[in-house]
Amino acid sequence: MEKQPFEIDIAMVRIREAVQPYPKAAMFELRDDGFGSPFEQLIACMLSVRTRDEVSLVTARRLFEVARTPDAMADLTPGKIDALVPDVTFHERKAAQIRDIAIRVRDDYDNMLPCDAEIMQSFAGIGPKCANLALGIACGQQRISVDIHVHRVTNRWGYVATNTPEQTMTALQKTLPLEYWVEINERLVPFGKHVCTGTRPKCSTCPVLEMCRQVGVTGHR
């Protein structure tokens with residue numbers, strides 16, 4: 001079957017509908033639950049790195065029950081923070097980094113994390129993915145955050161052709177309409193988890209199959 005040209009506007013409409021039955025991407029779920037400040041979003045994203053959403057969501061909520069602001073977090077010892085986040089990957093290191101971020105924000109920025117990419121990425125443990133998520137969700141900036149799902153799906157579509165999430169972010173900045181820069185993560189995380197999965201994707205029920213180039217797909221359902 002000859003593939004149709006990939007129309008991102010059509011794809012986004014269909015994917016919005018397709019992901020409705022599935023859990024939201026973690027940072028967007030936290031935002032909708034009231035944890036939408038730049039500090040909360042940045043810390044929650046750090047906790048999610050190399051950790052499944054199902055684990056990091058519970059962990060973030062547990063931590064924020066105790067401390068939601070930089071000054072409250074800075075008052076905790078690294079050991080206390082670590083005891084609240086034991087299920088995430090690299091929890092001991094993340095606990096120390098979280099407290100360091102909280103102290104810097106309290107002391108240098110009057111307890112209010114600025115919506116500034118350079119400042120966010122100056123913190124240990126924070127890279128472009130988490131900075132862009134916090135800036136997009138909490139600050140309303142148009143930023144693209146690329147995780148493994150966004151990377152895999154957009155390459156599988158043939159919308160970009162890259163080897164790493166970092167390269168995908170750069171490629172999407174050149175091709176993706178600005179209106180989708182934040183939403184691409186919100187939609188493609190659940191889409192990548194439940195439809196366009198890493199192995200045996202559900203191509204037979206995919207809403208964009210006629211446009212998808214199925215790059216790298218060797219077996220599907």
Subject >> Condition met for L188 (within 16 Å of the chain's Cα centre (by Cα), surrounded by 19 or more Cβ atoms within 10 Å (Cβ to Cβ) and under 18 Å from D53 (Cα atoms)) >> reply: yes
Original post:
Residues of the stretch 200-221 being assigned to a loop (DSSP other than H, G, I, E, B), at pLDDT 95 or above and either polar (S, T, N, Q) or in contact with a Leu (Cβ under 8 Å, 6 or more places away or on another chain) (or both), which ones?
Top reply: Q214
Original post:
Going by the structure shown, is G34 among the small types (G, A, S) and over 18 Å from G125 (Cβ atoms)?
Top reply: yes
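Working carefully through the options D108, D100, find the one that is farther than 19 Å from D53 by Cα, without any contact (Cβ under 8 Å) to a residue 24 or more places away in the chain, over 19 Å from the mean Cα position of the chain (by Cα) and not assigned by TED's automatic domain parsing to the domain that holds P177. Let's see the steps before the verdict.
Values: D100 fails: without any contact (Cβ under 8 Å) to a residue 24 or more places away in the chain.
None of the other options fit; the residue is D108.
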Original post:
Going by the conditions given, is T197 part of a loop (DSSP other than H, G, I, E, B), among the hydroxyl-bearing types (S, T, Y) and either within 21 Å of A25 (Cβ to Cβ) or more than 14 Å from the chain's Cα centre (by Cα) (or both)?
Top reply: yes
Original post:
Consider V13 against the criteria (1) assigned by TED's automatic domain parsing to the domain that holds W181; (2) in contact with a Lys or Arg (Cβ under 9 Å, 6 or more places away or on another chain): it satisfies all of them except one. Which criterion is unmet?
Top reply: (2)
**OP:** Specify which of the listed residues (A60, A134, A74, A67) is free of Cβ contacts under 8 Å to residues at least 40 places away in the same chain, under 30 Å from Q173 (Cβ atoms) and touching a helix residue (DSSP H, G or I) at 6+ places or on another chain (Cβ under 7 Å).
**Re:** A60
Original post:
Within the stretch 191-210, restricting attention to residues that are crowded, with 19+ Cβ neighbours inside 10 Å and of a type outside the set (F, W, Y), which residue is farthest from E17 (Cα to Cα)?
Top reply: P201
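Assess whether K174 counts as being assigned by TED's automatic domain parsing to the domain that holds L42 and free of Cβ contacts under 8 Å to residues at least 60 places away in the same chain. So that I can check it myself, show each step before the final result.
On the way: assigned by TED's automatic domain parsing to the domain that holds L42: no; free of Cβ contacts under 8 Å to residues at least 60 places away in the same chain: yes.
Here the answer is no, as K174 does not meet what is asked.
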Original post:
For the stretch 1-52, how many residues are polar (S, T, N, Q), surrounded by 17 or more Cβ atoms within 10 Å (Cβ to Cβ) and over 11 Å from the mean Cα position of the chain (by Cα)?
Top reply: 2
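The values are calculated or read from the model by the stated rules, or taken from the named source; none is laboratory data. Quantities reported herein were computed from a predicted structural model and do not represent experimental measurements. Here the Cβ is made from the backbone with ideal geometry for all residues, glycine too, and neighbour counts use every protein chain on show.
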